[in-house]
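Bear in mind these aren't lab numbers, they're just calculated from the coordinates by the rules spelled out. Just so we're clear, the structure is a prediction, and the values are computed from it rather than from any experiment. Ideal geometry is used to build each Cβ from the backbone, glycine not excepted, and the neighbour counts take in all protein chains shown.
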Amino acid sequence: QFHMIKYKDLKWEESLGQGSFTRIFKGSKTDVHDGEKHVTEVLLKELDVVHKNCWESFFEAASLMSQISHKHLLLVYGVSVHGVKNIMVQEFVKYGALDLYLKRGRSVSVSWKLDVAKQLASALNFLEEKNIVHGNICTKNLLLAREGDTSQGSSPFVKLSDPGVSVTMLGKDVILDRIPWVAPEVLEAPENLTMECDKWSFGATVWEIFNNGNAPLRGWDLKRKRQFYESFQQLPPSQWTELADLISQCMEYQSAFRPSCRSIIRQLNSLITSGNKAMMHCLFFVV
Ligand SMILES: Nc1cnc(-c2cc(N)nc3[nH]ccc23)cn1
């Protein structure tokens, strides 16, 4: 279910960091069809050799993303296996991961943030319709394809990246470190990964977006993070009560009570409307 890419058709360029059991590089792939040579800019995601036993899960994650196509899902061109090296070849998304983009202090407007949240919600809704669980929703896996410039009225465009090695393959500490993105029920039993878990992670991701990429519970050690769930704590609520309500509905400890994707999108639409109204009143008042 994968397009196999020849190792010799790949070129590695600069290193761009790492994920769980993976290293990522900018690169290019060369295809020849109808006698023409095409060079495409790609993202090369290499599975660490020490974790090559996770290669099925590594490719399973990517194949999940390449079985379906949606404008807000990252495109996976294929995989390349070369000796002990397992490489996933993905589309290169210009502005990279949203957490780094927001941390770089880009001041973005409320409507920019709501637009990004809505795009993520529509990707989640699509996955829910296909009965596909992502399992690793966070701003690190939300890639910015277009910056958008609210003064020029152009809006941002994001793509959800692959989930990487499944949470079921990761050690307990790696799962603990994913608090508060990982749903509480997954901590008890990782095979409990369901669509409801993605809604919990969505809540934590929206919290990140509205906190300019500052990670929630940043710097907390694993013991404190575990206690956060054991005492059913919530993230610090936004002053915007309707936004805080949406986040706390998604981060509901009882998974069955989390809202449907349709409800999430409906609530985001009303935040967008009330956000615009508030802006109009402001402008009107100033004028
Ligand atoms: N599928 C992907 C994933 N990440 C990127 C990316 C782009 C960029 N400009 N800086 C980066 N820094 C880290 C990752 C990254 C691109 N495409």
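Values for this structure:
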{"read-out": "Any hit, the stretch 194-216, residues being of a type outside the set (D, E, K, R) and over 21 Å from the mean Cα position of the chain (by Cα)", "value": "no"}
{"read-out": "Enumeration of residues in the stretch 70-88 that are more than 16 Å from the ligand (Cβ to nearest atom), touching a residue at least 12 places away in the same chain (Cβ under 8 Å) and surrounded by fewer than 19 Cβ atoms within 10 Å (Cβ to Cβ)", "value": "Val81, His82, Val84, Lys85"}
{"read-out": "Positions within the stretch 179-189 being buried (at least 18 other Cβ atoms within 10 Å of the Cβ) and either of a type in the set (A, V, I, L, M) or more than 13 Å from His134 (Cβ to Cβ) (or both), in sequence order", "value": "Ile179, Pro180, Val182, Ala183, Pro184, Glu185, Val186, Leu187"}
{"read-out": "Complete set of residues in the stretch 89-145 that are away from the ligand (no atom under 13 Å from the Cβ), assigned to a helix (DSSP H, G or I) and of a type in the set (S, T, N, Q)", "value": "Ser111, Gln119, Ser122, Asn125"}
